[in-house]
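To keep things clear, I will list the structure first and then write my remarks on it.
The values are calculated or read from the model by the stated rules, or taken from the named source; none is laboratory data. All of these numbers come straight from a predicted model, not from anything done at the bench. Note that each Cβ is placed from the backbone with ideal geometry, even for glycine, and that neighbours are counted across all protein chains shown.
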């Protein structure tokens, strides 16, 4: 399967390298645009599944939290590549970075968390997790999202949710520093925060047996396969971005839809992995995937988007609209409540899903 996936992905890269200019020049024909979009969407999504597969293979060999960290970082690289391709190609997408980050937060923290907790609650009634790990994620997510998506609306130097050069540089540095501190905590002295919760008085879980193929050679092989699965996505992102930008303008669709589509492409495979983990009663792994994805997304996308804006001279708007700020604030508050007590039930899942559908409604009827 991996050989076929890589063959299709790299054949698509070669085809667009040779014929892409002519194909993209015919986007005014609806059938051509739709066909090219469907082709690229399918190939990129299938390649993303390959990235997730190899990241999970590495997770089995390296253990937590390194496994989910590799996966979330790989997914965020795809997201940043797609956002950068649209920004550099369209030259008129000031809100794309903001819309994509907000879409990721809503899809992951409300859509995936809500669906997962409902499925897990129906199957396992009540699921436990490591409270320290969830608290650490939220401690990073709240300031990261507030600095990036809310504060720009309340500065007086610019009137439209954009940032001055000084603000852009300062916010980028602060975001990178905070995310770096979180990574040091996650992989260093507090890595136990992100391991499965053990109930007081219960025996500690037995050490996991070594993977039969856990040598350095196997790790390097899967790391190499992850890279060759990731590279076609990055190379094809520019072509997909051109089609996506053209399609949204031609259909008169909301500009925020571009961010939703990018987020859906990027996080569908990881979302499926999280739901599978919840159904296996591995809620901690699902939390690491979901909350880790949001932390990595904001921590890496903000400096990347602002850097692209500064280098290319484009205006970058990060501040959310008032209704979106209210939805974000409600999401953060609900997440604190959901992950502030040991164990989750169907109720928390239903509440998060309601907020997610409210977000979808606001996209098409702001």
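Worth a mention:
- In the set (1) surrounded by fewer than 19 Cβ atoms within 10 Å (Cβ to Cβ); (2) under 17 Å from residue 267 (Cβ atoms); (3) in contact (Cβ under 8 Å) with a residue 40 or more places away in the chain, residue 60 fails one condition alone, (2).
- Those residues of the range 337-347 which are touching a helix residue (DSSP H, G or I) at 6+ places or on another chain (Cβ under 6 Å), surrounded by fewer than 19 Cβ atoms within 10 Å (Cβ to Cβ) and assigned to a helix (DSSP H, G or I), in sequence order: 346
- When residues of the range 243-260 are limited to those that are surrounded by 21 or more Cβ atoms within 10 Å (Cβ to Cβ) and more than 16 Å from residue 356 (Cβ to Cβ), the one nearest to the chain's Cα centre (by Cα): 258
- Meets criteria (touching a strand residue (DSSP E or B) at 6+ places or on another chain (Cβ under 7 Å), buried (at least 16 other Cβ atoms within 10 Å of the Cβ) and in a helix (DSSP H, G or I)) for residue 98: yes
- Breaking point among (1) under 30 Å from residue 315 (Cα atoms); (2) modelled with pLDDT under 90, for residue 56: (1)
- Matching residues, the range 299-321, being part of a helix (DSSP H, G or I) and free of Cβ contacts under 8 Å to residues at least 40 places away in the same chain: 311
- Residue in the range 201-215 that is more than 30 Å from residue 94 (Cβ to Cβ), out of contact with any strand residue (DSSP E or B) (no Cβ under 7 Å at 6 or more places or on another chain), in a helix (DSSP H, G or I) and modelled with pLDDT under 85 present: no
- Positions within the range 238-252 being in contact with a helix residue (DSSP H, G or I) (Cβ under 8 Å, 6 or more places away or on another chain) and without any contact (Cβ under 8 Å) to a residue 12 or more places away in the chain, in sequence order: 248
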